[in-house]
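Working notes for the structure below.
The values are calculated or read from the model by the stated rules, or taken from the named source; none is laboratory data. Predicted model only: the values in this text are computed from it and were never measured. Methodologically, a virtual Cβ is constructed for each residue, glycine included, from the backbone with ideal geometry; neighbour enumeration extends over all protein chains shown.
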Amino acid sequence: MINDMGVVVIGRNEGQRLERCLASLAATAQQIVYVDSGSTDGSVQLARARGVAVVELDMSIPFTAARARNEGFACVQRLLPTLRHVQFVDGDCEVVASWLPQARAFLDARPDVAVVCGRRRERFPERSVYNLMCDIEWDTPVGETRACGGDALMRADAFAAVSGFRADLIAGEEPELCVRLRAKGWKVWRLDEEMTLHDAAMTRFGQWWKRTLRGGHAFAEGASLHGGTAEQHWRRESRRAWFWGLGVPLATLFACAILGAAGLLILLIYPLQVARLARRGGRSARQNWQLAFFLVLGKFPEMLGQVKFLLSRFGAGKSALIEYK
């Protein structure tokens with residue numbers, strides 16, 4: 001057991017996934033805290049039965065994963081005064097047994113690194129193209145990087161020094177935290193090590209659409225916070241969403257108004273882009289075409305996520321959480 005390490009697990013109605021998560025953490029860290037956001041499936045009782053400290057969020061306050069992680073961190077700090085490192089993990093993930101010792105050893109050897117993460121894999125990528133896309137999304141280059149995801153080991157003092165996650169962000173809170181950490185001189189690192197198994201349980205088109213829309217919202221909000229700096233955080237991703245999701249359709253309408261039906265030829269840019277992306281894929285031909293298709297199609301919900309952010313920013317207030325499960 002690592003005596004100066006805490007773990008913060010967040011979840012709601014994860015059921016068996018939470019049970020696997022907590023079981024994977026047994027005897028690895030001195031203090032585990034589970035933060036529950038209104039579960040009705042016995043998750044709280046399950047965690048307590050395993051001897052895990054539980055924080056039950058006040059659901060009258062708008063929920064975000066960022067807020068849940070911050071409250072979990074505050075609880076770990078209270079319960080473990082010797083805290084030096086904290087592992088954040090989602091309740092639908094199982095932590096690989098070798099991860100925490102390896103990650104902790106890396107941070108001990110690299111005092112300039114504040115955040116270390118590894119390879120998050122999808123548990124059932126074969127069950128749907130949406131699960132497969134998650135698995136590919138998380139297969140990012142190793143070495144120094146710009147951001148981490150929801151699963152990562154962090155230095156407690158560095159996390160506290162920047163006041164943790166922005167609790168009001170409904171998505172994209174991890175990359176935004178990394179922007180602020182790197183601005184303070186810290187580094188973020190990805191190891192070539194297995195870290196977690198994730199169960200997206202994403203089998204329906206509607207789930208994928210909502211998750212992608214949430215990504216577009218995160219791009220827009222991240223760009224509004226840090227896009228104007230040298231960081232240019234998520235400006236490119238936001239521009240791509242506007243170009244493919246709105247610019248091309250508007251250009252088509254304009255061309256049709258001038259040229260008639262011939263203006264529809266502009267829409268050929270979509271299948272051409274799919275073909276270009278499919279040729280770059282490194283999987284089977286079928287998977288390459290599937291992935292390319294959804295990458296292009298995804299620019300429409302990403303664009304709508306941008307619109308949702310702008311409407312909330314200049315209209316009716318903060319956006320509500322966008323959930324796909």
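So is C134 part of a strand (DSSP E or B) and touching a strand residue (DSSP E or B) at 6+ places or on another chain (Cβ under 6 Å) or not? Criteria not met by C134. Scanning the range 116-155 for residues being more than 23 Å from M202 (Cα to Cα) and of a type in the set (S, T, N, Q) gives a total of 1. Residues considered: V55, V76. Of these, the only one that is in a helix (DSSP H, G or I) and either within 27 Å of D112 (Cβ to Cβ) or in the same structural domain as A156 (by TED's automatic domain parsing) (or both) is V76.
For the range 137-157, name all the residues that are part of a helix (DSSP H, G or I), at pLDDT 95 or above and surrounded by fewer than 19 Cβ atoms within 10 Å (Cβ to Cβ). If the condition is that a residue be part of a helix (DSSP H, G or I), at pLDDT 95 or above and surrounded by fewer than 19 Cβ atoms within 10 Å (Cβ to Cβ), then D157 is the only one that fits.
Of all residues in the range 172-206, those being surrounded by 18 or more Cβ atoms within 10 Å (Cβ to Cβ) and in contact with a helix residue (DSSP H, G or I) (Cβ under 9 Å, 6 or more places away or on another chain) number 20. Looking at R78, is it crowded, with 20+ Cβ neighbours inside 10 Å, of a type outside the set (S, T, N, Q) and over 14 Å from M154 (Cβ atoms)? Here the answer is no, as R78 does not meet what is asked.
The residues listed here are R283, R239; of these, the one that is outside any helix (DSSP H, G or I) and surrounded by 12 or more Cβ atoms within 10 Å (Cβ to Cβ) is R283.
Here E302 clears all of (1) modelled with pLDDT of 95 or more; (2) within 25 Å of A200 (Cα to Cα); (3) surrounded by fewer than 14 Cβ atoms within 10 Å (Cβ to Cβ) except the condition numbered (3). Could you tell me which of the residues R276, R180 is over 23 Å from the mean Cα position of the chain (by Cα), free of Cβ contacts under 8 Å to residues at least 24 places away in the same chain and outside any strand (DSSP E or B)? Of the residues listed, the single one that is over 23 Å from the mean Cα position of the chain (by Cα), free of Cβ contacts under 8 Å to residues at least 24 places away in the same chain and outside any strand (DSSP E or B) is R276.
For the range 26-45, the candidate set comprises residues that are surrounded by 20 or more Cβ atoms within 10 Å (Cβ to Cβ) and outside any loop (DSSP other than H, G, I, E, B); within that set, the residue that is modelled with the lowest pLDDT is A29. Identify the residue in the range 58-73 that is within 22 Å of the chain's Cα centre (by Cα) and either assigned to a loop (DSSP other than H, G, I, E, B) or not assigned by TED's automatic domain parsing to the domain that holds C21 (or both) and, among all such residues, is nearest to C148 (Cα to Cα). For the range 58-73, the residue satisfying everything is T64.
Being surrounded by fewer than 20 Cβ atoms within 10 Å (Cβ to Cβ) and within 21 Å of A218 (Cα to Cα) is a condition met by no residue of the range 101-113.
For F106, the stated conditions do not hold, so it cannot be described as closer than 20 Å to R17 by Cα and not charged (D, E, K, R).
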